[in-house]
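I have placed the structure first, in the form of structure tokens, so that the comments after it can refer back to it.
The values are calculated or read from the model by the stated rules, or taken from the named source; none is laboratory data. The structure presented is a predicted model; accordingly, all values stated were derived computationally and were not measured. Heads up, the Cβs are rebuilt from the backbone with ideal geometry, glycines too, and the neighbour counts pull from every protein chain shown.
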Amino acid sequence: MGDYFLLEILSGIVGWMYFVLWSLTFYPQASLNWSKKSVAGFSIDFAILNVSGYMFYSLFNWGGYIYSGLGTGIVQTNDLFFSVHGLLLASAHLSQVFIYKRGHQKHFKRWSLITLAILWGCVSLVFLLEGIILQYHPSHSFLGISKIPIDLNTLRMAGYGKAVITFLKYCPQIYLNWRRKSTEGYSIMNVLCDFSGGVLSLFQLVIDMIFNGLTKGEWSLLGSNTSAFNFIKFLLGIITIIFNIIFIIQHYLLYPSKRNDPLTLELISSTDRRMVK
């Protein structure tokens, strides 16, 4: 048991390290927006998607932590704090969108608003369906009823919503960087912390699976209420790593000379004014 205890301690250390790194990703961008009194270079669609994403993730984590065995997999304390902290800071980013100058970004893109409407509609529909079945079949546990596949209960749907948003929210920023041929206005420190946090998040997930397998003999990955594998956390880690690699390539390889050159910045500013919504 001594070796197993060390695994548990290591999981906690890695988990809080990822919490710190992923939490730090919010501050450079907020500081950059504040110092410039502008969100030019920062995708406003990223901002609005991120708020709903962390609402979904908070629901997934807190629901899975309180009602264990509902298909969420292992939810650690650091996961809980990160989701709430992320929601607060994502909301701060969104508030900056309404306060500061936006450059060429006058309005939220229609696709991002439609995406949010669809995701919220799906989660709400499953929630209502579970509530209706609970009313007529009280023996079924709320948020984990057997009449609905575990992959389609409210918590898992919220988790899928977060994964979809995590995938989509990076796309406008990648496109914006490509269109402007610059990463000016988007904090590279954000990217580096985000990438490192994604790696550590996956590392904690692996440690938790090994610990659970050694102590409980449970090695199941998917498909059961009792599976310790947090599939949503796995998806988020993979998506985060892939997209941040793209950002790193854009920043250091594709547009390295365009970050601080005065003439380039003036051209970027002119491009911002000309670009259509």
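Of everything in the stretch 83-116 that's of a type in the set (Phe, Trp, Tyr) and part of a helix (DSSP H, G or I), which residue is nearest to the chain's Cα centre (by Cα)? Reasoning before the result, please.
Of the residues in the stretch 83-116, the ones of a type in the set (Phe, Trp, Tyr) are 98, 100, 108, 111.
Those left that are additionally part of a helix (DSSP H, G or I): 98, 111.
Numbers: Phe98: 22, Trp111: 19 Å.
Looking at the filtered set, the residue picked out is Trp111.
Just to be sure I understand, how many residues within the stretch 192-211 are among the polar types (S, T, N, Q) and either surrounded by 21 or more Cβ atoms within 10 Å (Cβ to Cβ) or touching a Ser or Thr at 6+ places or on another chain (Cβ under 6 Å) (or both)? Write out each step before concluding.
Of the residues in the stretch 192-211, the ones among the polar types (S, T, N, Q) are 196, 201, 204.
Within this subset, residues satisfying the condition of being either surrounded by 21 or more Cβ atoms within 10 Å (Cβ to Cβ) or touching a Ser or Thr at 6+ places or on another chain (Cβ under 6 Å) (or both) are 201, 204.
Result for the stretch 192-211: 2.
Condition (residue is assigned to a helix (DSSP H, G or I), within 16 Å of Val14 (Cα to Cα), at pLDDT 60 or above and within 21 Å of the chain's Cα centre (by Cα)) applied to the stretch 249-264: is it met by at least one residue? Show your work before the answer.
Step one: of the stretch 249-264, the residues assigned to a helix (DSSP H, G or I) are 249-254, 256-258, 262-264.
So of that shortlist, the ones also within 16 Å of Val14 (Cα to Cα) come out as none.
No, the conditions are met nowhere in the stretch 249-264.
So, of the residues in the stretch 35-64 that are among the hydrophobic types (A, V, I, L, M, F, W, C) and under 21 Å from Asn177 (Cβ atoms), which turns out to be farthest from the chain's Cα centre (by Cα)?
Within the stretch 35-64, the first condition is being among the hydrophobic types (A, V, I, L, M, F, W, C), and the residues that meet it are 39-40, 42, 44, 46-49, 51, 55-56, 59-60, 62.
Next, from what is left, pick out any that are under 21 Å from Asn177 (Cβ atoms): 39-40, 42, 44, 46-49.
On the way: Val39: 20, Ala40: 22, Phe42: 17, Ile44: 16, Phe46: 11, Ala47: 12, Ile48: 12, Leu49: 10 Å.
Selected residue: Ala40.
Give all pairs with beta carbons closer than 9 Å in which a residue from the stretch 27-44 that is of a type outside the set (Gly, Ala, Ser) meets a residue that is in a strand (DSSP E or B) and surrounded by fewer than 17 Cβ atoms within 10 Å (Cβ to Cβ); count only pairs at least 6 apart in sequence or on separate chains.
Close Cβ pairs (under 9 Å, with a partner that is in a strand (DSSP E or B) and surrounded by fewer than 17 Cβ atoms within 10 Å (Cβ to Cβ)) amount to Lys36/Lys101; Lys37/Lys101; Val39/Lys101.
Of everything in the stretch 24-82, what is touching a Pro at 6+ places or on another chain (Cβ under 8 Å) and part of a loop (DSSP other than H, G, I, E, B)? Give them in sequence order.
Passing the criteria: only Ser43.
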